[in-house]
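Novice: Pasting a structure below so you can have a look.
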Amino acid sequence: MSDVRQTVIKHCAVLDVDRGVLVKDRVVLVSGQRIEAVLDPTEVDPRLLAGAYDAAELTVMPGMIDCHVHCVASDMNLARNAVLPNMLACFRSIPILRGMLNRGFTTVRDAGGADWSLAQATETDLVAGPRIFPSGRALSQTGGHGDFRVRSDILEPCGCSMRLGNIARVVDGVDNVRLAVREEILKGATQIKIMASGGVASPNDPIHYLGFSEDEIRAIVAEADGAGTYVMAHAYTPRAIQRAVRCGVRTIEHGNLLDEETARMMVEHGAFLVPTSVTYEALANDGPRFGFPAELMHKIDGVRTAGREALRIAHRAGVPMAFGSDLLGETHEQQSNELLIRAEVLGNQEALRAATTVAARVLNQPDTLGVVRAGAYADLLFVDGNPLEDIRVLLGQGERLKAIMKNGAWVKEGLAS
């Protein structure tokens, strides 16, 4: 006899995100970690239906995907986070991961910090959390967005490769960045993250800084491609975005200062955008009380308001946009608010697509993640309400999620049977 776990769920109103419709009265058959079939009830043995879970009055949708998180960023002050003892940094990531899963994010792409071991911990259910696509440590040049050393007359060697809590490593020069990519891939990174412009949360790099040279970026892209993967780049300004895309970068993170010319260039090169609007709201509103460095607060205003216009520009140009949050410390709980921002600017369906089908394409998993169909992972949310009509049913900490399934196993079991 087979010992593969099987689950039958009836009366499913399945959300087809790309078409923007609910396909009602379906039966979802789950076998092991995968969806075996999505059927009309007349196609199912009545004996199976008799003992099935009942999803009546609920919307059944794919587990959501966040393409820009920092699982180990438990402190809003990244310099302080970078010197946490490894065990403490690891333990503090556990409630962050559990919170993501409870909010319905069954898959995340970590943009710096999480490694292969943390991905294994959630995959094997040692730790409750989403499936993780880890970048390992992001790559930053000296003085860039991943260099958290304070300005001084003496430049101490960077110890950024020594602590789990440091989301990045400092590396300079073509040969050195090639080696760094190979090392991160060896350690289990599923994609490579680079800093291609200045940033908000780092001390020495104004937003307009460009980061790595084009030769360095091309070398990083070539090494990633040689390993069968791609590069994601932190970049804000049109010049930084254009350089990165021209050098072969596949996904642009943030992109708040995007202009129309740059958006058209992204489309021509087949690049994705991963906006993270919610983090600037969180930094502006809650940063001071949660320890975000006061001397960096002035950086927020330059990108916060521009971010919503960048969403409109990218949408008009046809740039595919995935969901990202990029939250730090205590503000991780605001993750779902990114859906509300997207919905206010682009509508509910586009917000949902960003967190499902488009995000799955970013991860090169369009048939296995972000969809409810045969062959996909059984990552399912059972929602009290229809998010196409009211995106707020997905906000908060998962209160309107009556049940959650990841990899065919119940994370939250709230269906009658």
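The values are calculated or read from the model by the stated rules, or taken from the named source; none is laboratory data. Computed from a predicted model, the values in this text were never measured in an experiment. Don't worry about glycine lacking a Cβ; one is built from the backbone with ideal geometry, like all the others, and counts go over all protein chains shown.
Novice: Right, Leu118: crowded, with 23+ Cβ neighbours inside 10 Å, more than 16 Å from Leu327 (Cα to Cα) and either over 20 Å from the mean Cα position of the chain (by Cα) or not acidic (Asp, Glu) (or both) or not?
Specialist: Considered against the rule, which asks whether it is crowded, with 23+ Cβ neighbours inside 10 Å, more than 16 Å from Leu327 (Cα to Cα) and either over 20 Å from the mean Cα position of the chain (by Cα) or not acidic (Asp, Glu) (or both), Leu118 comes out as yes.
Novice: From the list Ile194, Ile217, exactly one residue is part of a strand (DSSP E or B), under 27 Å from Leu258 (Cα atoms), modelled with pLDDT of 95 or more and in the same structural domain as Val83 (by TED's automatic domain parsing). Which is it?
Specialist: Exactly one residue qualifies, and that residue is Ile194.
Novice: Can you confirm whether segment 349-360 contains a residue that is farther than 24 Å from Asp125 by Cβ and in contact with a His (Cβ under 9 Å, 6 or more places away or on another chain)? Even if it seems obvious, please write down each step before you answer.
Specialist: Within segment 349-360, the subset farther than 24 Å from Asp125 by Cβ is 349-354, 357-358.
Okay, now just the ones that are also in contact with a His (Cβ under 9 Å, 6 or more places away or on another chain), so 350.
The answer is yes, given that some residue of segment 349-360 is farther than 24 Å from Asp125 by Cβ and in contact with a His (Cβ under 9 Å, 6 or more places away or on another chain).
Novice: Kindly indicate the residue of segment 354-367 that is in a helix (DSSP H, G or I) and in contact (Cβ under 8 Å) with a residue 40 or more places away in the chain and also nearest to the chain's Cα centre (by Cα) among those meeting that condition.
Specialist: Going through segment 354-367, the residues in a helix (DSSP H, G or I) turn out to be 354, 357-362.
So of that shortlist, the ones also in contact (Cβ under 8 Å) with a residue 40 or more places away in the chain come out as 357-362.
Numbers: Thr357: 13, Val358: 11, Ala359: 8, Ala360: 10, Arg361: 12, Val362: 10 Å.
Ranking the candidates gives Ala359 first.
Novice: Working carefully through the options Gly112, Gly104, Gly143, find the one that is touching a residue at least 24 places away in the same chain (Cβ under 8 Å), among the small types (Gly, Ala, Ser) and surrounded by fewer than 24 Cβ atoms within 10 Å (Cβ to Cβ).
Specialist: Gly143
Novice: In addition: Anything in segment 34-61 that is loosely packed, with under 15 Cβ neighbours inside 10 Å and within 30 Å of the chain's Cα centre (by Cα)? List them, or say none.
Specialist: Result: Glu57, single match.
Novice: I want to confirm something. Restricting to segment 173-218 and keeping residues that are charged (D, E, K, R) and surrounded by 16 or more Cβ atoms within 10 Å (Cβ to Cβ), which single residue is nearest to His254 (Cα to Cα)?
Specialist: This residue is Lys193.
Novice: Let me ask something else about it. Restricted to segment 250-273, and to residues that are within 21 Å of the chain's Cα centre (by Cα) and either closer than 29 Å to Val150 by Cα or among the charged types (D, E, K, R) (or both), which residue is surrounded by the most Cβ atoms within 10 Å (Cβ to Cβ)?
Specialist: Only one residue tops the list, namely Gly255.
Novice: Since Ala233 meets every condition but one in (1) within 18 Å of Asp205 (Cβ to Cβ); (2) modelled with pLDDT of 95 or more; (3) over 21 Å from the mean Cα position of the chain (by Cα); (4) of a type in the set (A, V, I, L, M), which condition does it not meet?
Specialist: Going through (1) within 18 Å of Asp205 (Cβ to Cβ); (2) modelled with pLDDT of 95 or more; (3) over 21 Å from the mean Cα position of the chain (by Cα); (4) of a type in the set (A, V, I, L, M) one by one, Ala233 breaks only (3).
Novice: Here is a follow-up. Only residues that are under 21 Å from Val4 (Cα atoms) and either not aromatic (Phe, Trp, Tyr) or not assigned by TED's automatic domain parsing to the domain that holds Leu58 (or both): list them for segment 359-402, please. Before the answer, list the steps.
Specialist: Narrowing segment 359-402 to residues under 21 Å from Val4 (Cα atoms): 368-369, 372-380.
Listed by number, the residues that qualify are Thr368, Leu369, Val372, Arg373, Ala374, Gly375, Ala376, Ala378, Asp379, Leu380.
Novice: Moving on to the next point. From Asp75, Asp66, which residue is surrounded by fewer than 24 Cβ atoms within 10 Å (Cβ to Cβ), of a type outside the set (Lys, Arg) and either under 30 Å from Phe290 (Cβ atoms) or in the same structural domain as Glu330 (by TED's automatic domain parsing) (or both)?
Specialist: Every option except Asp75 fails the conditions.
This table checks each residue for (1) under 22 Å from Gly136 (Cβ atoms); (2) among the β-branched types (Val, Ile, Thr).
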residue	(1), (2)
Ala233	yes, no
Arg246	no, no
Arg250	yes, no
Gly255	no, no
Glu261	no, no
His269	no, no
Val274	yes, yes
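Novice: Continuing with the same structure: State whether the residues of segment 368-390 include one that is in a helix (DSSP H, G or I), within 20 Å of the chain's Cα centre (by Cα) and in contact (Cβ under 8 Å) with a residue 24 or more places away in the chain.
Specialist: No, segment 368-390 contains no residue that is in a helix (DSSP H, G or I), within 20 Å of the chain's Cα centre (by Cα) and in contact (Cβ under 8 Å) with a residue 24 or more places away in the chain.
Novice: For a quick check of your reading of the model, give me the residue pairs whose first member lies in segment 123-138 and is basic (Lys, Arg), whose second is at pLDDT below 95, with beta-carbon atoms closer than 6 Å and at least 6 apart or on different chains.
Specialist: Arg137/Ala168; Arg137/Arg169
Novice: Go through Thr42, Thr59 for me and flag whichever is within 24 Å of Lys412 (Cα to Cα) and among the hydroxyl-bearing types (Ser, Thr, Tyr).
Specialist: Thr59
Novice: Sort through Arg149, Arg182, Arg169 and tell me the only one that's farther than 16 Å from Leu210 by Cβ and either at pLDDT below 85 or among the hydroxyl-bearing types (Ser, Thr, Tyr) (or both).
Specialist: Values: Arg182 fails: either at pLDDT below 85 or among the hydroxyl-bearing types (Ser, Thr, Tyr) (or both); Arg169 fails: either at pLDDT below 85 or among the hydroxyl-bearing types (Ser, Thr, Tyr) (or both).
Selected residue: Arg149, the only one of Arg149, Arg182, Arg169 that is farther than 16 Å from Leu210 by Cβ and either at pLDDT below 85 or among the hydroxyl-bearing types (Ser, Thr, Tyr) (or both).
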